[in-house]
There are 2 protein chains.
Amino acid sequence: MDFEPIGVATDLVILTVRSGRLEVLLVRRGIPPYKGRLALPGGFVRPAEDLADAALRELREETGLAGERIHLEQVATYGSPRRDPRGRVVSVAYLALVPDPPSPVAGTDAASAGWHPVADVDPGRLAFDHDRILADAVERARAKLEYSPLATAFCPPEFTISELRAVYEAVWGTALDPRNFHRKVTKTPDFVFPTGETTTRDGGRPAQLFRPGTARALHPPLVR
Amino acid sequence: MDFEPIGVATDLVILTVRSGRLEVLLVRRGIPPYKGRLALPGGFVRPAEDLADAALRELREETGLAGERIHLEQVATYGSPRRDPRGRVVSVAYLALVPDPPSPVAGTDAASAGWHPVADVDPGRLAFDHDRILADAVERARAKLEYSPLATAFCPPEFTISELRAVYEAVWGTALDPRNFHRKVTKTPDFVFPTGETTTRDGGRPAQLFRPGTARALHPPLVR
DNA sequence: GTAATAGTGTCTATGAGACATTATTGA
DNA sequence: TCAATAATGTCTCATAGACACTATTAC
């Protein structure tokens, strides 16, 4: 077979919502190139490893989270010849959404990993082309909230409509009308299912608890 | 740098609309594996070549079309360890939309390349995992017609509203009301711009000619 | 009681779909 | 004349957004 070997890596954009803000997991690089700079977690794909498995492995190494409660999807592949000064590396970027509070960051790179508000990540501060990758992944997440039940991936297994709304407000950066939001979510078929339980953890009148529904797309979509 | 070399290729899903049908360009493989089977055009990325440039090069080799009038976008990357029996190959799939009638298929692989109605491509007939790649790309095209002005990429430089509607009907496989379609398209800001010219090539009363507008997204979206 | 949040009801403007009607060409 | 397609207008129903109002807890 006639081909030039190229390094294939995966980079992860791991997002969560904490205290009303959209945050991303970044690691501080301990070795050149870009030593000392913040970067997305990632690494090379192993010889017999599927791309998604490589992303899941990185996710586990960085957060200690296993796959069940995690939404993981491919975003895009970045392959400019000069994106890595060490040589030709093509990187497949994945987007992961984890509930708040995520398991404490643990694993081999634990010391250098931490959560950063997406709004505080200045352009040009990240290593490689990770600014672009982060921007593309965040835009993907924002767009998918409209027509998919993705927002529940940011929530604990059981959540209130208010908590779900807080996810939308954090990701979109806009305020939503609580009453219209409640009506739209509960009227969208199979978006969320009531558990029958209630909670007062948000204060005020007890709120119904819901679990993620079976819908894979929202009809009609929620609009920004 | 510590990585296992992996072959990186691009595969193209080149779509057009001909005589009211959505068609895809396929090549018949002359060598193993999958000798004699239909496949998407594609090839390995060169050492100093960007991914999109590799896709453009393949497009030019297969269709003789240069880049200006062509819509090209990345769809997804496929990297199952066993997707190519010859060894580990990761393929970045691109979607290309070309106007009808496209330039005659020419180039090195000309003899084996031809247009096939997407509806006639039976599952399991294509080489490698190209069935899946084709399905993903077609679904991407269908979805993007709703909220982007992408359909104009299937049209000649100047087109009528009827011709644009024929694109939607071919890609979506549904009939649309000509009157409501006309109203929605012409009312969507910057979707299409009138040239001031008319044509009678579709028969009947002369129709205004339009060029693609400057909009990058449609507000509101056209719905299927 | 007050404060806070949950949840329901109502009004209105907008937009989508159905479809009538008129306009302009070729044969 | 008729046939064909283009383009505009009208009607109705559904829904999104604004917001009044009631419900249920903690203090």
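Kindly evaluate B:Phe128 against the criterion of being surrounded by 16 or more Cβ atoms within 10 Å (Cβ to Cβ) and over 30 Å from B:Tyr78 (Cβ atoms).
Values: surrounded by 16 or more Cβ atoms within 10 Å (Cβ to Cβ): yes; over 30 Å from B:Tyr78 (Cβ atoms): no.
Considered against the rule, which asks whether it is surrounded by 16 or more Cβ atoms within 10 Å (Cβ to Cβ) and over 30 Å from B:Tyr78 (Cβ atoms), B:Phe128 comes out as no.
Just one of the listed residues (A:Gly20, A:Gly87) is within 14 Å of another protein chain (Cβ to nearest Cβ) and modelled with pLDDT under 95, namely A:Gly87. From (1) more than 11 Å from DNA strand C (Cβ to nearest atom); (2) exposed (fewer than 14 other Cβ atoms within 10 Å of the Cβ), pick out the condition that doesn't hold for B:Glu169. So B:Glu169 meets the others, but not (2).
Of the residues B:Arg82, B:Arg60, which single one is surrounded by fewer than 22 Cβ atoms within 10 Å (Cβ to Cβ) and within 14 Å of chain A (Cβ to nearest Cβ)? Working first, answer last.
On the way: B:Arg60 fails: within 14 Å of chain A (Cβ to nearest Cβ).
Going through B:Arg82, B:Arg60 in turn, just one is surrounded by fewer than 22 Cβ atoms within 10 Å (Cβ to Cβ) and within 14 Å of chain A (Cβ to nearest Cβ): B:Arg82.
Evaluate the range B:131-149: report whether one residue or more is at pLDDT below 95, away from DNA strand D (no atom under 13 Å from the Cβ), in a loop (DSSP other than H, G, I, E, B) and surrounded by fewer than 18 Cβ atoms within 10 Å (Cβ to Cβ). Scanning the range B:131-149 turns up no residue that is at pLDDT below 95, away from DNA strand D (no atom under 13 Å from the Cβ), in a loop (DSSP other than H, G, I, E, B) and surrounded by fewer than 18 Cβ atoms within 10 Å (Cβ to Cβ). Annotation: of all residues in the range B:150-159 being without any contact (Cβ under 8 Å) to a residue 60 or more places away in the chain and buried (at least 19 other Cβ atoms within 10 Å of the Cβ), the one that is farthest from the chain's Cα centre (by Cα) is B:Phe159.
Which one is farthest from DNA strand C (Cβ to nearest atom), of the residues in the range A:196-206 that are among the β-branched types (Val, Ile, Thr) and surrounded by 12 or more Cβ atoms within 10 Å (Cβ to Cβ)? Spell out how you get there, then give the answer.
Filtering the range A:196-206 down to residues among the β-branched types (Val, Ile, Thr) leaves A:198-200.
From the residues that got through so far, the ones that are surrounded by 12 or more Cβ atoms within 10 Å (Cβ to Cβ) too are A:198-199.
On the way: A:Thr198: 7, A:Thr199: 9 Å.
Ranking the qualifying residues of the range A:196-206, first place goes to A:Thr199.
Taking the range A:171-205 as the range and being in a loop (DSSP other than H, G, I, E, B) and basic (Lys, Arg) as the test, the residues that pass are A:Arg201, A:Arg205.
Within the group B:Ala54, B:Ala93, B:Ala76, B:Ala9, which residue is within 12 Å of the chain's Cα centre (by Cα), within 13 Å of another protein chain (Cβ to nearest Cβ), of a type in the set (A, V, I, L, M) and within 28 Å of A:Pro85 (Cβ to Cβ)?
Details: B:Ala54 fails: within 12 Å of the chain's Cα centre (by Cα); B:Ala76 fails: within 12 Å of the chain's Cα centre (by Cα); B:Ala9 fails: within 12 Å of the chain's Cα centre (by Cα).
That would be B:Ala93, the only listed residue that is within 12 Å of the chain's Cα centre (by Cα), within 13 Å of another protein chain (Cβ to nearest Cβ), of a type in the set (A, V, I, L, M) and within 28 Å of A:Pro85 (Cβ to Cβ).
Can you tell me which residue within the range A:186-195, out of those that are touching a residue at least 24 places away in the same chain (Cβ under 8 Å) and surrounded by 11 or more Cβ atoms within 10 Å (Cβ to Cβ), is farthest from B:Arg224 (Cα to Cα)?
Taking the range A:186-195 first, the residues touching a residue at least 24 places away in the same chain (Cβ under 8 Å) are A:186, A:188-192, A:195.
This time we only want the ones that are surrounded by 11 or more Cβ atoms within 10 Å (Cβ to Cβ), so: A:186, A:188, A:190-192, A:195.
Details: A:Thr186: 24, A:Thr188: 19, A:Asp190: 21, A:Phe191: 21, A:Val192: 25, A:Thr195: 34 Å.
Looking at the filtered set, the residue picked out is A:Thr195.
Being on the phi > 0 side of the Ramachandran plot and modelled with pLDDT of 95 or more narrows it down to one residue among B:Phe154, B:Phe193, B:Phe128; which is it?
On the way: B:Phe154 fails: on the phi > 0 side of the Ramachandran plot; B:Phe193 fails: on the phi > 0 side of the Ramachandran plot.
Unique residue meeting the criteria: B:Phe128.
Checking the range A:3-24 against the condition returns a match, with at least one residue being without any contact (Cβ under 8 Å) to a residue 24 or more places away in the chain and crowded, with 16+ Cβ neighbours inside 10 Å. Going through (1) more than 16 Å from DNA strand D (Cβ to nearest atom); (2) without any contact (Cβ under 8 Å) to a residue 24 or more places away in the chain; (3) out of contact with any strand residue (DSSP E or B) (no Cβ under 9 Å at 6 or more places or on another chain); (4) not small (Gly, Ala, Ser) one by one, B:Arg183 falls short only on (1).
One residue stands out among those in the range B:23-51 that are among the β-branched types (Val, Ile, Thr) and within 14 Å of chain A (Cβ to nearest Cβ): the one that is farthest from B:Val8 (Cα to Cα), which is B:Ile31. Looking only at residues of the range B:207-224 that are in a loop (DSSP other than H, G, I, E, B) and surrounded by 13 or more Cβ atoms within 10 Å (Cβ to Cβ), we find that the one that is nearest to DNA strand D (Cβ to nearest atom) is B:Pro221. A single entry from A:Phe128, A:Phe193 fulfils the requirement of being away from DNA strand C (no atom under 13 Å from the Cβ), within 14 Å of chain B (Cβ to nearest Cβ) and out of contact with any helix residue (DSSP H, G or I) (no Cβ under 8 Å at 6 or more places or on another chain): A:Phe128. Does any residue of the range A:175-189 turn out to be within 27 Å of A:Val118 (Cα to Cα), more than 10 Å from DNA strand C (Cβ to nearest atom) and away from chain B (no Cβ under 14 Å)? Looking through the range A:175-189, at least one residue is within 27 Å of A:Val118 (Cα to Cα), more than 10 Å from DNA strand C (Cβ to nearest atom) and away from chain B (no Cβ under 14 Å).
The values are calculated or read from the model by the stated rules, or taken from the named source; none is laboratory data. Everything numeric in this text was worked out from a predicted model, so none of it was measured. Counting neighbours? That spans all protein chains shown, and the Cβs are built from the backbone with ideal geometry, glycine included.
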